[in-house]
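Enquirer: Supplied in structure tokens, the structure appears directly below.
The numbers here are math on the coordinates, done by the rules we state, and not lab data. Treat the numbers as computed from the prediction; the structure is a model and nothing was measured. Backbone-built Cβ (ideal geometry, glycine too); neighbour counts: all protein chains shown.
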Protein chains: 2
Amino acid sequence: MTTYTAINLSKRPTGGAITADLFSVVSKEIPSLADGDVLVKQHHMSLDPAMFGWMSPDTNSYIAPVALGDVMRSSGIGEVVASQHPDFTVGERVMGMMGWQEYYLSNGQGLNKVSAPLSDEAVLSVFALPGLTATQGLFNIGKPQTGETIIVTGAAGSVGSIVGQLAKAEGLHVIGVVGSAEKADWIVNELGFDAAINYKSDDLDKQLALHAPNGIDLYFENTGGPIQNFIFERMNAHGRIVVCGLIADYDKQVPTPGPSWLNIIKRRLTIQGFTMPDHFHEVPALLEKLTPYVLAGKIKHRTHVLNGLTAAIEGLNLFYTGENKGKLIVKL
Amino acid sequence: MTTYTAINLSKRPTGGAITADLFSVVSKEIPSLADGDVLVKQHHMSLDPAMFGWMSPDTNSYIAPVALGDVMRSSGIGEVVASQHPDFTVGERVMGMMGWQEYYLSNGQGLNKVSAPLSDEAVLSVFALPGLTATQGLFNIGKPQTGETIIVTGAAGSVGSIVGQLAKAEGLHVIGVVGSAEKADWIVNELGFDAAINYKSDDLDKQLALHAPNGIDLYFENTGGPIQNFIFERMNAHGRIVVCGLIADYDKQVPTPGPSWLNIIKRRLTIQGFTMPDHFHEVPALLEKLTPYVLAGKIKHRTHVLNGLTAAIEGLNLFYTGENKGKLIVKL
């Protein structure tokens with residue numbers, strides 16, 4: 001086989017579901033290597049909500065959007081199949097921003113070896129973007145204190161599930177917001193969250209009162225949606241809100257307004273947004289922080305695997321429907 | 001004279017203008033002193049937007065509301081007229097939370113001597129709540145950097161006018177938002193702001209583009225109102241928003257929603273609310289920070305003086321109409 005498949009971004013989404021016409025599936029020739037090149041055969045690639053940002057045209061965003069005609073951006077894990085680079089040997093397992101393609105040609109920059117005795121799926125689910133994001137957001141921005149109450153939206157998602165488990169390990173009272181009874185069961189009975197709230201319930205305020213009787217000190221926001229106002233109303237004085245994702249708004253042409261700022265003053269709240277590209281230089285420190293929790297068995301995960309590169313396109317919509325169960329990964 | 005006038009809070013406001021029926025004007029007997037007491041004749045008292053919070057029933061607020069039937073809370077400056085306290089002598093000038101009354105009986109706690117060679121009005125306008133609030137909010141929360149662009153709403157107000165002048169002294173590009181041509185003229189030509197925008201204009205976005213061509217790094221919010229969304233949309237990456245006041249919302253039964261949180265992620269913004277009661281222990285450090293700017297002539301102020309205690313009631317509405325010119329002070 002001398003060709004491989006890649007998927008390029010050909011149009012920008014303008015709201016609503018992700019459709020196949022936004023992409024072009026192309027066949028490319030496997031390149032020959034120049035001096036310093038590494039060729040990687042990608043085995044698993046990660047689907048992340050951040051992709052909606054990368055596809056969007058907002059030039060004020062935290063990272064340059066994918067140019068139209070370029071391969072769609074993603075992180076992945078694979079195996080070196082050819083190398084003219086002194087640091088990489090055929091057969092080594094590596095991770096990097098390989099994009100939506102079966103083969104990835106690199107000059108070695110941003111390509112990291114993965115030696116841990118963990119499956120590709122476990123690496124992409126815990127030690128890649130989700131775990132780094134959870135660690136940065138919870139510890140460096142949220143500054144959790146033992147005994148506090150935290151609420152995590154998207155709690156069965158790749159980031160939220162790790163945030164909640166880290167917070168639990170730190171001795172917080174942990175409430176997760178999810179979109180199904182199955183996910184509620186998983187986060188409480190498998191992951192050890194103290195309580196779960198289904199955001200589709202019609203008595204959100206009552207459930208919040210029940211599960212957060214002392215109010216909320218820390219709010220880790222992955223989704224947005226109508227529950228935002230109810231949570232905001234229950235924030236305690238000096239509460240912190242970590243804004244990591246707003247999946248409920250990514251497909252809207254007119255985003256939902258946020259809560260009135262009155263409580264920001266009355267409760268002296270701090271609301272802070274972050275994205276990982278600002279913190280890539282902190283990755284070694286973040287991994288050092290995260291690893292002991294993983295080694296102690298405190299961080300469970302589950303993956304939702306899609307098969308074949310082109311499954312990525314339709315797969316993105318699972319973030320909107322919430323139908324994915326666990327970290328979305330495409331197996332190539 | 002053995003009696004004096006005091007004004008008690010008798011009802012809580014429920015939205016709309018402040019009316020006389022919320023208060024009871026009462027006559028009280030001047031008390032005789034017990035051991036350790038100080039009696040102060042108040043000369044000038046301060047009116048502040050914080051009073052709307054003190055009158056409101058929200059028990060989650062930063063400071064206990066004034067109890068119904070109690071004297072309305074305020075800070076003021078006056079003269080010791082009788083003392084059985086070892087630390088206070090008749091004739092000394094003192095400041096404290098004296099309330100809406102002509103005489104104030106104290107055990108000395110929270111009563112501070114004022115020895116600076118400044119008028120009562122200057123002390124209440126710069127070295128009391130307004131200056132402390134401006135210093136705390138700008139430096140400790142906003143963390144201004146030379147060369148950045150700051151926008152201050154309520155820029156002709158008691159806090160905003162000091163924030164802008166401090167920022168100017170620190171080498172920032174300073175834009176003030178005001179509600180009249182007269183105030184625009186004052187902040188630009190007297191206080192040295194780089195630009196003024198009248199929030200009543202119909203081309204706010206165009207004016208922001210003109211005066212903040214490089215976007216906004218720091219947003220000091222004193223008012224709320226429709227300009228909030230336009231400013232929010234122009235925030236730069238890593239911008240900071242200091243939420244100090246939302247006067248446009250204090251008389252509303254349903255507060256205005258805030259902007260969508262999407263830009264909080266995209267631009268990695270930090271929004272932080274604060275109120276001074278959390279920082280009273282920092283007052284000495286704040287005064288130390290503020291004083292050199294005042295001594296260097298960098299901080300100008302103007303006062304709007306109302307005459308007689310009962311003028312305070314109607315005076316509060318000037319915060320809503322924006323008709324006050326300078327720091328509101330009641331002369332007793």
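Enquirer: What is the ratio of the Cα radius of gyration of the range A:223-332 to 2.2 N^0.38 Å, where N is its residue count, to two decimals?
Expert: Scaled against compact globular proteins, the figure is 1.36.
Enquirer: Evaluate peptide B:267-280: per residue, the Cβ atoms of other protein chains within 10 Å of its Cβ; return the mean as an integer.
Expert: 5
Enquirer: Out of all DSSP beta bridges in chain B, what portion is antiparallel? Express it as a percent rounded to 5.
Expert: 55
Enquirer: Connecting C-alpha atoms closer than 10 Å in a GNM of chain A, tell me which of A:H173, A:H44, A:H279 has the biggest fluctuation.
Expert: A:H279
Enquirer: Then there is this: Give me the Kirkwood hydrodynamic radius of chain B, using the inverse of the mean 1/r over all pairs of distinct Cα atoms, in Å to one decimal.
Expert: 20.7
Enquirer: Using Cα centres only, tell me the gap between the range A:201-242 and the range B:1-27 in whole Å.
Expert: For the range A:201-242 versus the range B:1-27, the Cα centre distance is 37 Å.
Enquirer: With 10 angstrom as the radius, rank B:E314, A:E102 by how many other C-beta atoms surround their C-beta, starting from the fewest.
Expert: Sorted ascending by nearby Cβ count, the order is B:E314, A:E102.
Enquirer: Would you mind getting me the FRET efficiency between A:S27 and A:H281? Use the beta-carbon distance for r and R0 = 35 Å, nearest 0.05.
Expert: After rounding to 0.05, the efficiency reads 0.40.
Enquirer: Measuring label to label, 7 Å along Cα→Cβ, what does A:A237 give against each other copy in nm, shortest first?
Expert: Once sorted, the set of distances for A:A237 reads 3.8 nm.
Enquirer: A further question on this structure: Using a basic spin-label model with each label point 7 Å from the Cα along Cα→Cβ, how many nm lie between A:K143 and A:A20?
Expert: Taking the simple label geometry, A:K143 and A:A20 are separated by 5.1 nm.
Enquirer: Only bridges whose two residues both fall in the protein assembly as shown count here: according to DSSP, what percent of them are antiparallel, nearest 5?
Expert: 55
Enquirer: So which residue, out of A:L132, A:L287, A:L118, gets the largest mean-square fluctuation from a GNM of chain A using Cα contacts under 10 Å as springs?
Expert: A:L118
Enquirer: Quote the FRET efficiency, to the nearest 0.05, computed for B:T321 versus B:D203 with a Förster distance R0 of 41 Å and r equal to the Cβ-Cβ distance.
Expert: My answer for the efficiency is 0.95.
Enquirer: Can you tell me what the convex hull of the Cα atoms of the range A:64-159 projects to on average, as an area in nm²?
Expert: Mean orientational projected area (the range A:64-159, Cα hull): 8.9 nm².
Enquirer: To one decimal in nm, how far is B:Q145 from the same spot in the other copies, if labels go 7 Å from Cα toward Cβ? Please give the shortest first.
Expert: 3.0
Enquirer: Continuing with this model, one more query. Kindly provide the trypsin sites (Lys or Arg not before Pro) of the range B:179-222 that DSSP labels as loop, not H, G, I, E or B, and whose Cβ sees at most 16 other Cβ atoms within 10 Å.
Expert: Here the trypsin sites (Lys or Arg not before Pro) that fit, given the DSSP loop and packing criteria, are B:K200.
Enquirer: A further question on this structure: Hey, got the average number of other protein chain Cβ atoms within 10 angstrom for residues in A:233-239?
Expert: Average per residue, whole number: 2.
Enquirer: So for the range B:144-215, averaging the separation of alpha carbon pairs under 8 Å that are six or more residues apart and normalising by length, what relative contact order in percent results?
Expert: 29
Enquirer: Could I ask something else about it? Determine by what factor the alpha-carbon radius of gyration of the range A:1-143 differs from 2.2 N^0.38 Å, reporting the quotient.
Expert: 1.13
Enquirer: Can you pick out the pairs among B:K113/B:K325; A:K143/A:K252; A:K41/A:K300; B:K183/B:K266; A:K200/A:K252 whose Cα atoms lie more than 23 Å from each other?
Expert: B:K113/B:K325; A:K143/A:K252; A:K41/A:K300; B:K183/B:K266
Enquirer: Of A:D185, B:D48, how do they rank once you tally other Cβ atoms within 10 Å and put the fewest first?
Expert: A:D185, B:D48
Enquirer: A further question on this structure: GNM, chain B, Cα, under 10 Å: largest mean-square fluctuation among B:S158, B:S201, B:S74?
Expert: In this elastic network of chain B, the residue with the biggest mean-square fluctuation among B:S158, B:S201, B:S74 is B:S201.
Enquirer: Using Cβ counts within 10 Å as a stand-in for footprinting exposure, how do A:M98, B:M72 rank, fewest first?
Expert: B:M72, A:M98
Enquirer: First measure r as the distance between the Cβ atoms of A:K113 and A:K41, then evaluate 1/(1 + (r/R0)^6) with R0 = 22 Å and state the FRET efficiency to the nearest 0.05.
Expert: Given R0 = 22 Å and the Cβ-Cβ separation, E is 0.90.
Enquirer: Starting from a label point 7 Å past Cα on the Cβ side, list the distances from A:K41 to the same position in the other copies, nm, shortest first.
Expert: Here A:K41 shows inter-copy label distances of 9.7 nm.
Enquirer: Is there a simple number for the mean count of other chain Cβ atoms within 10 Å of the Cβ of residues in B:254-260, and what is it?
Expert: Taking all residues of B:254-260 together, the mean is 6.
Enquirer: Also, I was wondering about something else. Relative contact order of the range A:255-332, please, whole-number percent, based on alpha carbon pairs below 8 angstrom and at least 6 residues apart.
Expert: RCO, the range A:255-332: 26 percent.
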